[in-house]
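The block underneath contains the structure these notes are about, expressed in structure tokens.
Values quoted throughout were computed directly from the atomic coordinates according to the rules given, and no laboratory measurement underlies them. Since the model is a prediction, treat every value here as computed from it, not as a measurement. Glycine also receives a Cβ, built like all others from the backbone with ideal geometry; neighbour counts cover every protein chain displayed.
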6 protein chains.
Amino acid sequence: MEIERIETGIQKLDGLIEGGFPSNSSILVTGPSGTGKTIFCIQFLLHGASKGEKGLYVALEERPSDVRREMTRFGFDISAQEKEGNLFILDVANPRARLPSKEKYSIQTQFDTEHFANKLYEMISQNDVKRVVIDSLPALTFHFGDFGEIRNAIHEINNLLLELGCNVILVSETTDFREGVSRFGVEEFVASGVIVLTYSDSGSKMTKNLLVLKMRGTKHAVNRYPYQISDNGIDLQIV
Amino acid sequence: MEIERIETGIQKLDGLIEGGFPSNSSILVTGPSGTGKTIFCIQFLLHGASKGEKGLYVALEERPSDVRREMTRFGFDISAQEKEGNLFILDVANPRARLPSKEKYSIQTQFDTEHFANKLYEMISQNDVKRVVIDSLPALTFHFGDFGEIRNAIHEINNLLLELGCNVILVSETTDFREGVSRFGVEEFVASGVIVLTYSDSGSKMTKNLLVLKMRGTKHAVNRYPYQISDNGIDLQIV
Amino acid sequence: MEIERIETGIQKLDGLIEGGFPSNSSILVTGPSGTGKTIFCIQFLLHGASKGEKGLYVALEERPSDVRREMTRFGFDISAQEKEGNLFILDVANPRARLPSKEKYSIQTQFDTEHFANKLYEMISQNDVKRVVIDSLPALTFHFGDFGEIRNAIHEINNLLLELGCNVILVSETTDFREGVSRFGVEEFVASGVIVLTYSDSGSKMTKNLLVLKMRGTKHAVNRYPYQISDNGIDLQIV
Amino acid sequence: MEIERIETGIQKLDGLIEGGFPSNSSILVTGPSGTGKTIFCIQFLLHGASKGEKGLYVALEERPSDVRREMTRFGFDISAQEKEGNLFILDVANPRARLPSKEKYSIQTQFDTEHFANKLYEMISQNDVKRVVIDSLPALTFHFGDFGEIRNAIHEINNLLLELGCNVILVSETTDFREGVSRFGVEEFVASGVIVLTYSDSGSKMTKNLLVLKMRGTKHAVNRYPYQISDNGIDLQIV
Amino acid sequence: MEIERIETGIQKLDGLIEGGFPSNSSILVTGPSGTGKTIFCIQFLLHGASKGEKGLYVALEERPSDVRREMTRFGFDISAQEKEGNLFILDVANPRARLPSKEKYSIQTQFDTEHFANKLYEMISQNDVKRVVIDSLPALTFHFGDFGEIRNAIHEINNLLLELGCNVILVSETTDFREGVSRFGVEEFVASGVIVLTYSDSGSKMTKNLLVLKMRGTKHAVNRYPYQISDNGIDLQIV
Amino acid sequence: MEIERIETGIQKLDGLIEGGFPSNSSILVTGPSGTGKTIFCIQFLLHGASKGEKGLYVALEERPSDVRREMTRFGFDISAQEKEGNLFILDVANPRARLPSKEKYSIQTQFDTEHFANKLYEMISQNDVKRVVIDSLPALTFHFGDFGEIRNAIHEINNLLLELGCNVILVSETTDFREGVSRFGVEEFVASGVIVLTYSDSGSKMTKNLLVLKMRGTKHAVNRYPYQISDNGIDLQIV
């Protein structure tokens, strides 16, 4: 029984993990500020969209309009895919800021996990969404006080998305340049795959590296591969 | 008086610990994300099943369906053993996510330690289960606030399983790559054996290592043995 | 589609980030005590003022009169630009200290996030402000107890400023000389750009370095560039 | 005035500390998981028993039946000494797990410090017990919330045992392989002697070491002595 | 526009910072125990007194009588200056200890921030005080629970002193020999100058060093300068 | 004006600090477990007693009977000095353990800071006590929750003792072998002198070192001096 693979949008990465993410799994993409986590996710969604797999980007931190604008830098035309009905953006960033959203899809200003889960359920099932990005988990979990609550909330959202048959990327973050994998030390155990974007520090220059730490049902090396953020997005330096 | 041994499912590991785990003991398997803790546990259960020792896998984090699927990668046919009545999976992952379970064995959505203990008691005594895996402890202990409560809850579940005559693997986790043995710093003292799966970091490549830190009633070296996750599961690199 | 650029006031820095900050974005300027964060911000505002882009400096920590005085050191004549109507200072430092403000613009002594947001809205929209500096975030967030509250408050103020079309600098701080990017470990994920002012320690002498850690929509190196605080402000040592 | 000495059961250790522990004192035996703390304690009790000094082992973590079984490994026949009336085991492990105890001596399921102290008093005074092992303190202190409460509870139990004229070993634990002496950072100040069992890490191999950190009224070196856990228990590698 | 300078009382330090502290500013003097922070402050006050600038020393930790006595060591005759009306000591140390004060100036036993601020206002305005030392901030902030409260209290006292036209030294402390600048990680951002007194450790000998970390409106090197505490107080080792 | 000196009981230490501790001051003696802090204190008291300066040892942790016994090791005959009326021991160790005290001087079982302060006042003033040892502060402060409370309680006891004209040693403790000076990070700022007893680690052997970190009104080097605990107590290795 072969596990179906979901292409990541980064061809060289697919080559490292048997062709892509295992289908119907959730992958944690994590790292410190500035490593290109959002770029990674948009590449993932647009690659799917280009093949007819509909995508949902849940914008919890950055405003959808900013994401659209910044991605033009890499030739990523989000609006075009939105018009085609291949990509949906759910604006949670403005509601979190108690600001009215100008977006087509948004959530009410005061929402809880149940509302959020219902909204995800509605958008995914009505639009036949296949790829989902939650950007980011820590921005979602601001309600939750302790370890147990956060762990359960992430577990709950994650399992809902998997039950709906989605291919999921969860974004988290680290505050240290060199160690640790996630904000809460929990996200990596909920996800079935973990990709760490990290810095290595050589003198005054910092190099970006991608590490596939975990990928269930997949044979992969646990190496750090340097990458650059080029005009086309994440560019893995593998010969 | 010779202590009876329970084969682990990894022959080379048995060779390091006088033939296997001491019978009727609980072994902590711990390590950071991506080291293959679940694979280790499934090998343990399937090896028992192949010898007629019935096994119970308590899925607290990952959905049973995902575990089944991912294990096919290593030629581990969980479903076949389930059909034979040699392996049982208790779905706690979906109930924790407030989702209905499609599994044969599951627990109600809102459960407490007493419910959980009763369910374990029922499944083990009715089915003559010999091997039990709790994957994982931290996902179980989300209810508990402080050190004392967590320590007692783990102690309570662990002793129940031992009283029932089981051979137990408790799974825990560490968030740091290099140091620490468990999430709460308590699990290793409750278990009578501790196996740490860990990374060592050599330049851009990370190597996995297995360390038998503790194994009561057993003479063993406290060395780090490198291993790979091969097509057949955990593959210890011992000559 | 080219992203519009906002000159920073430091020509050599503009040269590192495609001509300046992306327009309508918020940049975190952070670092330990004594690295010249306020100088950086005033340069940013005065450069805008010199081109007719009106600026707002929100003084949360230091008294406006002290800022004016100290900046004369670098030939920065804040008062002149205030008289021209090109620069506005909102005094929150005295109200925070329960002292009466002698400034033209100040906030009432007991204020909350809503009052603060309204005041910002009023000053920005009435005066056509284009550049805003919040100096500093930690001094603002003294009301807030936990991670979630702080994250949301920063998110809320930040998004309001962006919705108003401003080019924003948020100032934060670190207590360690060598690691970490922000006080709360949150600010860097809210901002779309991060500039870290930091020390490197060589023997008994400490050198200041500027690092562009993140700049969305911008190609930039992640190098540490040494700088000095000269008679003209921040002086990047790039040949 | 010569201080009376209590032989430890490890002859080479006696040689390091003027013949044994000072009589009527409490010694902390501490270290990470897997260093043989329980073996150390059983050696201490059995050595006393062999000389007619009655011993009490308070089993807070591990079940008495497991301790008995595992110790056969080293030729330590606990049951024989129990039958002789030279060794008593108080089962607190099963009551802590809310399980019925099959042991002759146990405590009720819900106990507090007062009950526990009374039980100790009763067993020690009725049976003329001379040597007491509390294995372990952290398992006892699960009730206690803060630093002060824990410190006082340990102080209280410890002083009761000393008032009763006992020679006491308190077991504690550390979670780090390399530093720290105890779980709470308090135990070492309550005890009048401290023996640290620890790992040193040389490449892939970990060596066990014994360190006499403190021994009141005793001249001793503060060296780390390597030891092995041999077929006869703790085997100090001193020539 | 030249910034007026306040001589520090340490001539060689004046030479490092353009002649002295900027007038009407607050300088944080901080460091671990034993580095001579109080000596630094008394030198500052006595130098002012010798030029007719009246000084106020707020004794929060050490009793005024002890300060007077110890300073005789360096030929600093505090009492003489008190008699002249050039130096005032406010005893908060005894009231904090619920002891009656024998000092001329003290505060009632139970005081809060408002009382304290009023007392400062009264003493400064009635006596035309120019130089103020608060020794120390952490002893003052014992009322305050969280980060925000402490930050605000320090901010409030500091700004009051500046509004009254004073030249202020705030004393704080660090518990680590090697890193960190202050107790709360807040003080250095409130002050407009930061002088760190610190140890460097070379073998068995510890050397004291002075570091001007921040001095607003002032050009200064960020070097560590060794100093000794000689018969005349702080003695900077600059050739 | 010469500061009067109090001989410490360790002649070579006196030689390092101008003849002894400054009179009527409080000295913190601190360090990890096993460094001989109690021995240091008893030497201090007995030296005073031998010169007719009456001493008070406040036993908070160890039972007076144990202290007496252990000190015979070094030829320190506490009982003899008690009989002479030169040394008093206040038993707080047994009351803290809720045990009846057999000592002449003890405190009631449930005591608070006020009771404790009153008892000190009574014993010191009635017996003309000159030297006081509080062994130890952390055992005293078990009542107190937060930083501010602990700081104030220590401050209060300390100032009472100084007001009574005593020469005081406060004992504290550190849990780390290598860094930090005290348990709460506060004690060293309350005391006017700090003596750190510490380990340095050279291979498998640990050497004890004495460091005079702070001694107000005293010129002293900040060196680490090795010492041994010999048959006569603390033996400084200074040639």
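Remark: the range C:178-217 is approximated by an ellipsoid whose semi-axes, taken from the C-alpha gyration tensor as √(5λ), come to 24, 12, 5 Å, largest first. Principal axis extents of the Cα atoms in the range F:83-168, from largest to smallest and rounded to whole angstrom, are 42, 32, 17. Helix B:113-127: angle to the longest alpha-carbon principal axis of chain B, degrees 0 to 90, nearest 10? The angle comes out near 80 degrees. Under the convention that each Lys and Arg Cβ holds +1 and each Asp and Glu Cβ holds -1, the size of the dipole of chain C around its Cα centre is about 440 debye. About the centre of its Cα atoms, the range E:46-160 shows a dipole size close to 360 debye [charges on the beta carbon of Lys, Arg (+1) and Asp, Glu (-1) only; nearest 20 debye].
Entry note, the range A:45-112: relative contact order of 33 percent, from Cα contacts under 8 Å with a spacing of 6+ residues. Taking every residue in B:203-213 and counting other chain Cβ atoms within 10 Å of its Cβ, the average works out to 3.
Computed over chain D, the P(r) tail beyond 22 angstrom holds 50 percent of alpha carbon pairs. Contact order normalised by length for chain B, with contacts defined as Cα pairs under 8 Å and 6 or more residues apart; what percent is it? Relative contact order comes out at 27 percent. Here the simple spin-label model places points 7 Å from the Cα toward Cβ, and for A:Ser23 and A:Asn127 these points are separated by 2.2 nm.
Here is the P(r) of the range D:103-239: all C-alpha pair distances, binned every 5 Å from 0, give 2, 8, 16, 19, 18, 15, 12, 8, 2, 1, 0 in whole percents. Inter-copy label distances for B:Leu164: 3.6, 3.6, 6.2, 6.2, 7.2 nm (label point placed 7 Å from Cα along Cα→Cβ; shortest first).
Calculate the mean, over all residues of peptide E:181-192, of how many other protein chain Cβ atoms lie within 10 angstrom of the residue's Cβ.
5
For the protein assembly as shown, the normalised intensity computed at q = 0.08 Å⁻¹ comes to -1.13 (log10 of I(q)/I(0), Debye sum over alpha carbons, equal scatterers, no solvent).
Comment: the Cα-to-Cβ extended label point of E:Ser202, at 7 Å, lies 2.0, 2.0, 3.4, 3.4, 4.0 nm from its counterparts in the other copies, nearest first.
When the Cα positions of E:Ser23, D:Ser25, B:Tyr225 are compared along the charge dipole of the protein assembly as shown, B:Tyr225 comes out farthest toward the positive end, with charges on each C-beta of Lys, Arg, Asp and Glu. Against the main long axis of the alpha-carbon atoms of chain F, helix F:147-163 sits at an angle near 90°.
Rounded to the nearest 20 debye, the dipole magnitude of the protein assembly as shown is 2140 debye, with +1 charges on Lys and Arg beta carbons, -1 on Asp and Glu beta carbons, and the Cα centre as origin. Distances between every pair of Cα atoms in the range F:165-239, grouped in 10 Å steps from 0 to the bin holding the largest one, split as 17, 46, 33, 5, 0 percent. Its alpha carbons give the range B:1-116 an Rg and a Dmax of 15.3, 49 Å.
Taking amide H as placed 1.01 Å from N in the peptide plane, the amide H of B:Lys214 sits under 5 Å from that of B:Val194, each at least 5 places away or on another chain. For the range D:82-92, 3J(HN,Hα) computed residue by residue from phi via the Karplus equation (6.51, -1.76, 1.60; θ = phi - 60°) reads 5, 4, 6, x, 9, 9, 10, 10, 9, 7, 10 Hz, glycine and proline entered as x. Inter-chain Cβ neighbour count for B:61-70, averaged per residue, equals 6 (cutoff 10 Å, partner chain atoms only). Based on C-alpha pairs under 8 angstrom that are at least 6 apart in sequence, the range B:159-218 has a relative contact order of 23 percent. Take every DSSP beta bridge whose two residues both sit in the protein assembly as shown, then give the antiparallel share in percent to the nearest 5. Here the antiparallel bridges make up roughly 45 percent for the protein assembly as shown. Is there a pair in D:Lys83/D:Lys104; A:Lys83/C:Lys219; B:Lys12/B:Lys205; A:Lys12/C:Lys219; C:Lys37/E:Lys12; B:Lys54/B:Lys119 whose C-alpha atoms are over 18 Å apart, and which pairs would that be? Beyond 18 Å between Cα atoms: A:Lys83/C:Lys219; B:Lys12/B:Lys205; A:Lys12/C:Lys219; C:Lys37/E:Lys12.
In a Debye calculation with equal point scatterers on the alpha-carbon sites of the range C:95-137 and no solvent, what is log10 I(q)/I(0) at q = 0.20 Å⁻¹? For the range C:95-137 at q = 0.20 Å⁻¹, log10 I(q)/I(0) is -0.74.
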